[in-house]
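These notes concern the structure reproduced below.
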Amino acid sequence: MFHLDVLLVIRAPVAMYPPTLNQANLLARRGLRVGLIDLSSDSLPDTALDSSIKHWMVHRAWNSKTEKLPARLRRFWNWLRFFQACKLAIRDCSPKVVIGYDTHGCVFVKPGRTTHRIVYHFHELPEPEPSMGSGPRHALSRVVQYSRHADLVVFSDEMRAVEYQRETCLPAVPKVVMNCPVRMDKVPASSLCQELAAQGMTGRRVVCYLGSVGVNQGLFGAARSMRHWPLDAIFVLVGAYSEEVRERILCSATEAGAAHRILFLGPRPHTESLALAAGSDVGLSLIQPNTRNLLYSAGAVNKRFEYMALGLPQVTNNGVGVKEIIEKNQCGLCVDPSSPQEIGQAVTQLLEDDARRNLLSRNARACHLQFYNYQTQFAEVASWIETISRPQLY
């Protein structure tokens, strides 16, 4: 029988959640026996999991950007399969710590009379959405109740943690582990030049967006802002998108006379995405505060810290807590994400001033190596988990 020290439960492909992937690998590298239950994905086959990790992929994930919602019976059957997989893994592998991620993972990790400790890690504030059905709403209410009895609660952003503790009356403010990448001692070599050459776009300055291409990332305003960019600057987007969002971005760029300067590279494995972005001149991380989760996202936006790791100066939003991370450390510029003019002026400032761009690049790399890396962010929680899993060493 295979016994585990730690079991991680996320009801999504782990490749879509680098912080969860990082936790699994870092715990394994501490010598712990780690298991992971997640979903499979056709578009993201490369999980980069440590080979020692026992991995269950229960069923294929629904791709919300390209597929219709599965039938209700299929959704219920998948829920049942996932429930059974978690139940059997906990019974057969006797983990000492079980970590649930977000509402759809935590609901399968119920506190109570268990022999294992329970950690709830929320990437986002668990709150209802307008399109949420009765099943997810019921799961949400249960998870809020369960979290009061979890052994440890973790959030990716300080204000999200404070808000959740206040609203749910948790006995303590949750720990904060910001969504930083693992420490990059060297910036990866980039194949972006070859990709651009294949598209006939050589010799261009590049503004990059890295991540899921959606409606809340200021991308329509960024496309409109291209009327203010240097004429040799192009906009490269690396990440999954729906055709509807792609068309809206192109329409916005057309208004600026710049649709021919936009390139969609689509979803890539995470390591490849980072390497592509490394060949850029400026990164964009414009988050519009359309929900509370987006308002309180200073520590939660992966790309914000990935640009820092790559040494990319960035143009980012001016939301709660963002200036303390970006402008205080002189890693980029904060702007109003709804203002194409502000976005365009900031992009142009960075592209036209080589000395300033190089300074921000060095500052970003230094901040990443010192503090904004996952080893540093996760160290306290990882040590707590290790203490529970191997108490004889402490």
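The values are calculated or read from the model by the stated rules, or taken from the named source; none is laboratory data. Quick caveat: nothing in here was measured; it's all calculated off a predicted structure. Ideal geometry is used to build each Cβ from the backbone, glycine not excepted, and the neighbour counts take in all protein chains shown.
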Restricting attention to the stretch 303-331, which residues are in contact (Cβ under 8 Å) with a residue 24 or more places away in the chain, surrounded by fewer than 24 Cβ atoms within 10 Å (Cβ to Cβ) and in contact with a Leu (Cβ under 8 Å, 6 or more places away or on another chain)?
Gly319, Val320, Gln330
Can you spot a residue in the stretch 173-183 that is assigned to a strand (DSSP E or B), in contact with a Leu (Cβ under 9 Å, 6 or more places away or on another chain) and crowded, with 21+ Cβ neighbours inside 10 Å?
no
Taking the stretch 112-128, which residues are modelled with pLDDT of 90 or more and either among the β-branched types (Val, Ile, Thr) or touching a His at 6+ places or on another chain (Cβ under 7 Å) (or both)?
Ile118, Val119
What is the number of the single condition among (1) under 30 Å from Ala150 (Cα atoms); (2) of a type outside the set (S, T, N, Q); (3) in a loop (DSSP other than H, G, I, E, B) that Glu386 does not meet?
(3)
Can you give me the number of residues within the stretch 46-73 that are under 28 Å from Val34 (Cα atoms), part of a loop (DSSP other than H, G, I, E, B) and among the β-branched types (Val, Ile, Thr)?
2
So, of the residues in the stretch 285-302 that are in contact with a Gly (Cβ under 7 Å, 6 or more places away or on another chain) and of a type in the set (S, T, N, Q), which turns out to be surrounded by the fewest Cβ atoms within 10 Å (Cβ to Cβ)?
Gln288
When you go through Ser156, Ser141, Ser131, Ser147 one by one, which is the residue that is at pLDDT below 95, crowded, with 19+ Cβ neighbours inside 10 Å, more than 30 Å from His260 (Cβ to Cβ) and among the hydroxyl-bearing types (Ser, Thr, Tyr)?
Ser147
Of (1) in contact with a helix residue (DSSP H, G or I) (Cβ under 9 Å, 6 or more places away or on another chain); (2) under 20 Å from His121 (Cβ atoms), Ala89 fails just (1)
Output yes when any residue across the stretch 255-269 is within 25 Å of Asp185 (Cβ to Cβ), surrounded by fewer than 16 Cβ atoms within 10 Å (Cβ to Cβ) and under 21 Å from the mean Cα position of the chain (by Cα), and no when none is.
yes
Working only within the stretch 74-100, note down all residues that are in contact with a Leu (Cβ under 7 Å, 6 or more places away or on another chain) and either in a strand (DSSP E or B) or not assigned by TED's automatic domain parsing to the domain that holds His149 (or both).
Val98, Ile99
Specify which of the listed residues (Ser190, Ser156) is of a type in the set (S, T, N, Q) and under 29 Å from Glu127 (Cβ atoms).
Ser156
Taking the condition of being hydroxyl-bearing (Ser, Thr, Tyr) and either touching a Ser or Thr at 6+ places or on another chain (Cβ under 6 Å) or over 27 Å from Arg183 (Cβ atoms) (or both), how many residues in the stretch 285-341 meet it?
5
For the stretch 200-228, give me each residue that is at pLDDT 95 or above and either among the hydroxyl-bearing types (Ser, Thr, Tyr) or touching a Cys at 6+ places or on another chain (Cβ under 7 Å) (or both).
Tyr209, Ser225
Test result for Gln377, within 16 Å of the chain's Cα centre (by Cα), outside any loop (DSSP other than H, G, I, E, B) and under 25 Å from Gln217 (Cβ atoms)
yes
Kindly indicate the residue of the stretch 18-36 that is farther than 20 Å from Leu274 by Cβ and not basic (Lys, Arg) and also surrounded by the fewest Cβ atoms within 10 Å (Cβ to Cβ) among those meeting that condition.
Gly31
Going residue by residue through the stretch 61-70, is there one that turns out to be at pLDDT 90 or above, surrounded by fewer than 19 Cβ atoms within 10 Å (Cβ to Cβ) and of a type in the set (S, T, N, Q)?
no
Can you go through Phe378, Phe371 and tell me which one is among the hydrophobic types (A, V, I, L, M, F, W, C), surrounded by 16 or more Cβ atoms within 10 Å (Cβ to Cβ) and at pLDDT 95 or above?
Phe378
Could we say that Glu386 is under 23 Å from the mean Cα position of the chain (by Cα), within 25 Å of Leu152 (Cβ to Cβ) and not assigned by TED's automatic domain parsing to the domain that holds Arg205 here?
no
Restricted to the stretch 184-201 and to residues being of a type outside the set (A, V, I, L, M) and not in a loop (DSSP other than H, G, I, E, B), the residue nearest to Tyr101 (Cα to Cα) is Glu195
